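The values are calculated or read from the model by the stated rules, or taken from the named source; none is laboratory data. Note that the structure is a prediction, hence the values are computed from the model and not measured. Note that each Cβ is placed from the backbone with ideal geometry, even for glycine, and that neighbours are counted across all protein chains shown.
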Amino acid sequence: MADNGPEKPTGTAGPGDVLNLVYFVADVHAACLLPFLRTGFGVEAFRWNGVLALVLLLTLAGSVPGMGWYFAAWVTAVVLQRARTMRLVYRGAVIHSRYMGYPWAAMRVPLVKRESTATGLIEPQLCFLIGVLLCPLSVDLGTFVMAGFLTLIVRNGFEREIDRQRLQRMRDAAIEQRWYADRLRGRGTDF
């Protein structure tokens, strides 16, 4: 039997487990907000996170004042976004299947030119502002939307770190492949 390192005690969570849970919660909550803030999603943008967002909103719709209306608006937004995605694909648009959409709402803010600024800075602030505006109608609904300030920041932070690590692995792989090619040609052994 191979030694796979120290065995993790049953029932304990490591740092990676906690981070995965934080990302999971942020991603599900973000899926409750993004259909209103973005457009042009990939065909698989809402997978498990979309299903769990549906379950979350359906659960809250019965107990949180105003959430029933939010749920209806969310379902409508998801259906319309899905139809738009299918129309784009039918017309030949090349979109990554998991693309989480173009931040149309945030890009309308004056002086915002880059998607990274729109998604990382403006969208969270929009959630906070819209949540504040919803509070007079329903404090719980307003708080739910305001929480998007935090969850979008967390989700975007995780996504940026994942992208950074992927790029680093790609650079490392390119360096290693050049090294192996040089070794194959008999031209050296140093990185």
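Quick grid of which residues meet (1) touching a residue at least 60 places away in the same chain (Cβ under 8 Å); (2) assigned to a helix (DSSP H, G or I); (3) within 21 Å of the chain's Cα centre (by Cα); (4) surrounded by 14 or more Cβ atoms within 10 Å (Cβ to Cβ):
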| position | (1), (2), (3), (4) |
| --- | --- |
| G92 | no, no, no, no |
| F128 | no, yes, yes, yes |
| P136 | no, no, no, no |
| F144 | yes, yes, yes, yes |
| F149 | no, yes, yes, yes |
| F158 | yes, yes, yes, yes |
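Residues of segment 36-48 that are surrounded by 21 or more Cβ atoms within 10 Å (Cβ to Cβ) and either touching a strand residue (DSSP E or B) at 6+ places or on another chain (Cβ under 8 Å) or without any contact (Cβ under 8 Å) to a residue 60 or more places away in the chain (or both): R38, A45, F46.
In segment 61-69, is there at least one residue being over 17 Å from G142 (Cα atoms) and either at pLDDT 95 or above or in a loop (DSSP other than H, G, I, E, B) (or both)? Looking through segment 61-69, none of the residues is over 17 Å from G142 (Cα atoms) and either at pLDDT 95 or above or in a loop (DSSP other than H, G, I, E, B) (or both). Just one of (1) surrounded by 14 or more Cβ atoms within 10 Å (Cβ to Cβ); (2) touching a helix residue (DSSP H, G or I) at 6+ places or on another chain (Cβ under 8 Å) fails for W179. It is (2). The combined condition, being surrounded by 17 or more Cβ atoms within 10 Å (Cβ to Cβ) and either under 23 Å from L57 (Cα atoms) or touching a helix residue (DSSP H, G or I) at 6+ places or on another chain (Cβ under 8 Å) (or both), is fulfilled by V78. For segment 110-124, taking the residues that are part of a helix (DSSP H, G or I) and either among the hydroxyl-bearing types (S, T, Y) or touching a helix residue (DSSP H, G or I) at 6+ places or on another chain (Cβ under 7 Å) (or both), the one that is surrounded by the fewest Cβ atoms within 10 Å (Cβ to Cβ) is identified as S116. Among the residues of segment 18-44, those that are more than 18 Å from L88 (Cα to Cα) and either among the polar types (S, T, N, Q) or outside any helix (DSSP H, G or I) (or both) comprise N20, C32, L33. Against the definition (part of a helix (DSSP H, G or I) and either among the hydrophobic types (A, V, I, L, M, F, W, C) or modelled with pLDDT under 95 (or both)), how does F191 come out, yes or no? No.
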